[in-house]
Amino acid sequence: MNVAFTTDRLRFRLFRRADAPRLAELVNDIEIARWIGPMPHPYTLEMAHEYLDQVLDQEDNIFALEAQGDLVGAIAIAKQMGFWLARAQWGRGLMTEAATAMIDRHFAVTDRSVMSGYHDGNAASAQVHAKLGFVPAGTSDVFSQALGRDVVKHELVLHKDIWRARV
């Protein structure tokens with residue numbers, strides 16, 4: 001089954017082992033790693049290989065995001081929706097575009113609500129979630145590997161009826 005798909009500016013595809021150097025380069029940025037609880041910093045090529053070994057078997061659950069043929073981020077919906085984007089791509093609406101496509105894809109096959117969240121202080125992620133229609137579902141403390149301490153995570157939920165009514 002070919003799980004790749006596209007939006008106007010992005011190509012969603014499965015990760016490949018060859019992505020390791022670019023992946024390590026992108027997520028070694030503290031401004032990305034700090035917002036992803038389990039993401040260590042510094043992030044090495046060996047860590048990228050270990051991560052890819054884990055996700056290569058997950059089929060259409062975790063997508064690499066490409067813009068103009070270049071790996072620029074990742075997005076997934078499993079127990080929760082999670083995403084990150086290379087800093088050079090911030091402020092262009094790409095993550096809202098990516099998340100919209102993923103949520104459309106999710107609700108096309110299930111009525112299960114989408115859970116997500118963002119760390120306290122991550123205004124860009126908060127804005128993306130608000131645009132998508134997520135609503136608060138509480139807070140929790142999570143450990144940030146990159147920061148070496150607990151941070152507050154704002155838990156969010158998006159129900160199918162809210163998603164369908166947004167337009």
The percentage of the accessible area of the chain (probe 1.4 Å, all protein chains present) made up of carbon and sulfur atoms, to the nearest whole number, is 51
With +1 at each Lys and Arg Cβ and -1 at each Asp and Glu Cβ, the charge dipole magnitude of segment 72-121 around its Cα centre, to the nearest 20 debye, comes out at 120
Let me see the pair-distance distribution of the chain: every alpha carbon pair, 5 Å bin width, integer percents in order. 1, 8, 18, 21, 22, 17, 9, 3, 0
Calculate the FRET efficiency for Asp161 and Ala4 from the Cβ-Cβ distance with a Förster distance of 25 Å, rounded to the nearest 0.05. 0.25
Which whole DSSP H helices in the chain pass both tests: a Cα extent of 18 Å or more along the axis and a mean Kyte-Doolittle value no lower than -0.5? 94-107
Within a Gaussian network of the chain (alpha carbon springs, distance under 10 Å), most fluctuating of Ala124, Ala20, Ala146: Ala124
Toward the positive end of the charge dipole of segment 1-79, about the Cα centre and with charges on Cβ (Lys, Arg +1; Asp, Glu -1), which of Thr7, His49, Ile62 goes farthest? Thr7
Can you spot the aspartates and glutamates whose alpha carbon is less than 19 Å from Lys153's alpha carbon? Ignore those fewer than 8 places along the same chain. Glu31, Asp120, Asp141
Considering only Ala99, Ala74, Ala137, give the residue with the highest GNM mean-square fluctuation for the chain, with springs between Cα atoms whenever their separation is below 10 Å. Ala137
Cut-off under 5 Å, modelled amide H: who pairs with Met81 long-range: Met115, Ser116
Scan the chain and report its longest stretch carrying no trypsin sites (Lys or Arg not before Pro) that are both in a DSSP loop and have at most 16 other Cβ atoms within 10 Å. 17-78
Of Phe134, Phe143, Phe63, the one that fluctuates the most in a GNM where the chain has Cα springs shorter than 10 Å: Phe143
Please work out the FRET efficiency for the pair Val135 and His49, using the Cβ-Cβ distance as r and a Förster radius of 35 Å; give the result to the nearest 0.05. 0.40
Calculate the tail of P(r) for segment 126-165: the fraction of all Cα-Cα distances greater than 15 Å, expressed in %. 51
On average, how much accessible surface per residue is there in the chain, in Å², for a 1.4 Å probe, leaving out ligands, DNA and RNA? 53
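The values are calculated or read from the model by the stated rules, or taken from the named source; none is laboratory data. Here the structure is a predicted model, which is why all the values come from computation and not from measurement. Every residue, glycine among them, receives a Cβ derived from its backbone with ideal geometry; neighbour counts consider all protein chains shown. The protein model used for the area step is the full one, side chains on, heavy atoms only, and it has no ligands, DNA or RNA in it. Shrake-Rupley method; radii C 1.70, N 1.55, O 1.52, S 1.80 Å.
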